[in-house]
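Chemist: Below are the structure tokens for one structure; questions will follow.
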Amino acid sequence: MIKVSGLTKIYGDHIAVDDISFEVKEGHIYGFLGPNGAGKSTTMNIMTGYLSATVGTVEVNGYLMGKDTLKAKKSIGYLPEIPPLYPDMTVREYLAFVADIKSVPKAEKKAEVERVMQATDITSMQKRLIKHLSKGYKQRVGIAQAILGNPKIIILDEPTVGLDPEQIIEVRNLIKSLKGDHTVILSSHILSEISATCDEVLVIANGRMVACDTTENLLKNQKSEKILKINVKGEKSKIEDVLKTIKAINEIKFVEDKGESQVFEVTTDSKNDIREDVSFALSDARLLILEMSEERSSLEDIYLTLVKEADEQYEAEMKAISEGADLDEVFDTADKKDSSEEEKKEEEKSSEKKEDNE
């Protein structure tokens, strides 16, 4: 459906997008996630043909952007961060105008305008001037113009920015309703927005792609630690001494003194389940567990880790370059590091699969 290969965009001495490659499958909703200024909007503008790439290619529905640009654009419905609306037009007038721009056949125009108004629930607003609409309804009109003409791909840049909680839920549900009939790509710097709406997540930081996977796989494959929070009746020092005897615990953190009981957080590797060991050890020491809860790393934790690692690598590379290091050596080292990490992940997966089979 969409194939992005080696995409790079340079403004002067600033690299806005740095060698990004990914593929988008048909009928899914993809979330483009990253901090402000990460390069999300620039990438989307290149994908939609609004900007040209410095290096790299974008293939849409078999057509190369920049070569068969008009044919590629016909497959795309685009909503920029600021909807391209004409405030002095009514909703119906504006959508009819967009239908003409998109070359919707005259015989089908009225029915198509009706369809998109119904799909975005703006039929009741069709005679109202756009400038008198709320922010939420303006976003709906923006989405309506994006899906008008029934393009196979819908690209939405920050579709819920500036909306109140109720409007955000409404727009989320609207985006979900597009799944299947359309392939949807939406960008956001709000993780909850992506996780609530999307099938797959593409994480970008400093113009580079740092992850591309389902939310489920990101949670499963990202090496992370697990925290066990326990509230134990007894003396702090005695509880701490018992916890120190459990080898699988990496870190012990005292949280709160509740008088008769003490609250601790103990950290272990994500693959370990130490609840039984903790329970038996404290029971043998005649210490009563009042409460025990397990917390795994959330998608937010993983996102922050990915962005932090990308920032650290970027800063290290910039420092090396400023100190006069050879560019080829700097990026060759980074590539080797990425390759090594990928090999390590594959080895871990292979080991886990072998253990399961045994």
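Just so you know, all these numbers are worked out from the coordinates, no wet-lab data involved. This one's a predicted model, so the numbers in the text were calculated from it and none came from an experiment. Every residue, glycine as well, gets a Cβ built from its backbone with ideal geometry; the counts of neighbours run over all protein chains shown.
Chemist: Report the extension gain between Lys135 and Ile190 in nm, rounded to one decimal, defined as 0.36 nm multiplied by the number of residues separating them, less their alpha carbon distance.
Modeler: 17.9 nm
Chemist: Something else: Report the FRET efficiency, 1/(1 + (r/R0)^6), for Ser124 and Ser283, where r is their Cβ-Cβ distance and R0 is 56 Å, rounded to 0.05.
Modeler: The formula returns an efficiency of 0.30 here.
Chemist: Related question: When all C-alpha to C-alpha distances in the chain are sorted into bins of 10 Å, what percent of pairs does each bin hold, rounded to whole numbers?
Modeler: 5, 19, 23, 20, 15, 11, 5, 1, 0
Chemist: Just subtract the alpha-carbon distance of Glu312 and Thr90 from 0.36 nm times their residue separation and send over the number in nm, one decimal.
Modeler: Contour length minus the Cα-Cα distance gives 75.0 nm.
Chemist: Mean separation of Cα pairs under 8 Å and 6+ residues apart, divided by the residue count of the chain: what relative contact order is that in percent?
Modeler: Relative contact order, the chain: 17 percent.
Chemist: Over segment 225-295, calculate the relative contact order: mean separation of alpha carbon pairs under 8 Å at least 6 apart, over the residue count, as a percent.
Modeler: Details: 126 pairs, mean separation 34.2, N = 71.
So the answer I get is 48 percent.
Chemist: Please work out the Cα center distance from segment 151-170 to segment 92-145, rounded to the nearest Å.
Modeler: Centre-to-centre distance over Cα atoms comes out at 16 Å.
Chemist: Okay, next question. Which order do Lys67, Lys9, Lys109 fall in if you start with the one that has the fewest other Cβ atoms within 10 Å?
Modeler: Lys67, Lys109, Lys9
Chemist: Let me ask something else. Just to confirm my numbers, what's the Cα centroid distance between segment 1-19 and segment 186-220 in Å?
Modeler: Between the Cα centre of segment 1-19 and that of segment 186-220, the gap is 18 Å.
Chemist: What is the Cα radius of gyration of segment 19-145 over 2.2 N^0.38 Å, N being its residue count?
Modeler: Computed over Cα atoms of segment 19-145, the ratio equals 1.18.
Chemist: Going through segment 115-180, which trypsin sites (Lys or Arg not before Pro) have at most 11 other Cβ atoms within 10 Å and a DSSP loop state?
Modeler: Lys127
Chemist: Given H placed 1.01 Å from N in the peptide plane, which residues other than close sequence neighbours of Val201 have an amide H under 5 Å from its amide H?
Modeler: Long-range HN contacts for Val201: Gly31, Asp213, Thr214, Thr215.
Chemist: With the crude spin-label approximation of a point 7 Å out along Cα→Cβ, what separation in nm comes out for Thr214 versus Lys67?
Modeler: About 3.4 nm separates the two model spin labels.
Chemist: Could you please report the charge total around Lys73, scoring K, R as +1 and D, E as -1 over all other residues with beta-carbon less than 14 angstrom from its beta-carbon? Don't skip to the answer; put the middle values down first.
Modeler: Values: positive: Lys67, Lys71, Lys74, Lys102, Lys152; negative: Glu59, Asp68.
Summing Lys/Arg as +1 and Asp/Glu as -1 gives +3.
Chemist: In whole Hz, what ³J(HN,Hα) sequence does segment 18-24 give by Karplus (6.51, -1.76, 1.60; θ = phi - 60°), x for Gly and Pro?
Modeler: 10, 6, 8, 9, 6, 10, 10
Chemist: For Ile10 and Glu294, compute 0.36 nm times the residue count separating them, minus their Cα-Cα distance, and round to one decimal in nm.
Modeler: Numbers: separation 284, 0.36 × 284 = 102.24 nm, distance 4.56 nm.
Using 0.36 nm per residue and subtracting the Cα-Cα distance, I get 97.7 nm.
Chemist: Over 31 Å between Cα atoms: which of Lys135/Lys176; Lys102/Lys308; Lys3/Lys271; Lys238/Lys271 fall into that group?
Modeler: Lys102/Lys308; Lys3/Lys271
Chemist: Using a simple spin-label model with points 7 Å from Cα along the Cα→Cβ vector, what separation in nm is obtained for Lys110 and Glu260?
Modeler: Label at Lys110, label at Glu260, 7.8 nm between them.
Chemist: Give me Arg92, Arg275, Arg286 ranked fewest to most by other Cβ atoms within 10 Å of their Cβ, as a rough exposure proxy.
Modeler: The order, fewest Cβ neighbours first, is Arg286, Arg275, Arg92.
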